[in-house]
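The values are calculated or read from the model by the stated rules, or taken from the named source; none is laboratory data. Here the structure is a predicted model, which is why all the values come from computation and not from measurement. Glycine gets a Cβ as well: all are built from the backbone with ideal geometry, and neighbour counts include every protein chain shown. Surface accessibility is based on the protein's heavy atoms, side chains included, excluding ligands, DNA and RNA. Shrake-Rupley method; radii C 1.70, N 1.55, O 1.52, S 1.80 Å.
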Amino acid sequence: MKSGMHRGAVLIVEDAETCASTLEIIFSSIRGLKILMTDNAERAWELLESRHEDIRALVTDLHMPGMDGFELIDRVRTNQLHATMPIVVITGSTDPHISHRLRQRGVNAVFAKPYSPALVREKLEQLLGNEMQID
């Protein structure tokens, strides 16, 4: 990557390996975007705290062992450093009220599994702004 091309990172929090790999592949086409991945919310929070200046967006599942996605989202939204960070949720939940509950928590976008990879990538690009370009 050429100097000056790095535009920050997206943090993917997903315990299902196939879904995590799919997200990594679709986001890898966004020029200048670094991809960080973890399979649990506790580690995600550690990364957010230690690399807060690098991470520009969070893409998370909800149901994971230990801290779940709801708690992670609540922590992000109540922390001054992260309060405005774009959050995208990818969920397999069948709860018909999940989208409303997540919007109340300040989530920017919700995608139910199975989802369209192209739509998820487009939404992330939109949330990150126009300086991101597809290779």
How much of the accessible area of the chain, probe 1.4 Å, is carbon plus sulfur, in whole percent? 49
Out of residues 5 or more away from residue 89 or on other chains, whose amide H comes under 5 Å of its own, with H placed 1.01 Å from N in the peptide plane? 60, 109, 110, 111
Mean residue ellipticity at 222 nm from the helices of the chain, using -39,500 (n - 2.57) per DSSP H segment of n ≥ 4 over the full residue count, to the nearest 500 deg cm²/dmol? -10500 deg cm²/dmol
Per residue, how much accessible area does the chain have with a 1.4 Å probe, in Å²? 52
I'd like the accessible area for residue 63, computed on protein heavy atoms only with a 1.4 Å probe and all protein chains in place. Round to 10 Å², please. 110
Whole-Hz Karplus couplings 3J(HN,Hα) for the stretch 110-127, θ = phi - 60° and coefficients 6.51, -1.76, 1.60, Gly and Pro as x, run 10, 10, 8, 6, x, 10, 8, x, 5, 5, 5, 4, 4, 5, 4, 4, 4, 5
Applying the gyration tensor rule to the Cα atoms of the stretch 9-63 (axes a ≥ b ≥ c; rounded if a/c under 1.5, else prolate if a/b exceeds b/c, else oblate), the class is oblate
For residue 37, which sequence-distant residues (separation of 5 or more, or a different chain) have an amide H within less than 5 Å of its own amide H, given hydrogens modelled in the peptide plane? 12
State the extension gain, in nm to one decimal, for the chain segment bounded by residue 78 and residue 126, taking 0.36 nm per residue of separation less the distance between their alpha-carbons. 15.0 nm
Starting at the first residue of the stretch 53-69, write each ³J(HN,Hα) from the Karplus equation 6.51 cos²θ - 1.76 cosθ + 1.60 with θ = phi - 60°, in whole Hz, x for Gly and Pro. 6, 8, 7, 9, 7, 10, 10, 9, 7, 9, 9, 9, x, x, 4, 8, x
Taking percent of Cα pairs over 21 Å apart straight from the coordinates, which label in [x] 59; [y] 43; [z] 35 is the correct one? [z]
Enumerate the calculated ³J(HN,Hα) couplings along the stretch 95-106 in order (Karplus 6.51 cos²θ - 1.76 cosθ + 1.60, θ = phi - 60°), each rounded to whole Hz, writing x wherever the residue is Gly or Pro. 5, x, 9, 4, 4, 4, 4, 6, 4, 4, 8, x
Heavy-atom accessible area ranking, 1.4 Å probe, most first, across 24, 46: 46, 24
Per-residue accessible area for residue 53 at 1.4 Å probe radius, Å² rounded to 10? 120
Determine the dipole magnitude for the stretch 54-135: charges of +1 sit on the beta-carbon of Lys and Arg, -1 on that of Asp and Glu, nothing else is charged, the reference point is the Cα centre, and the result goes in debye to the nearest 20. 260
Take every Cα pair under 8 Å in the chain that's 6+ residues apart, average their separations, divide by the length, and report that relative contact order as a whole percent. 25
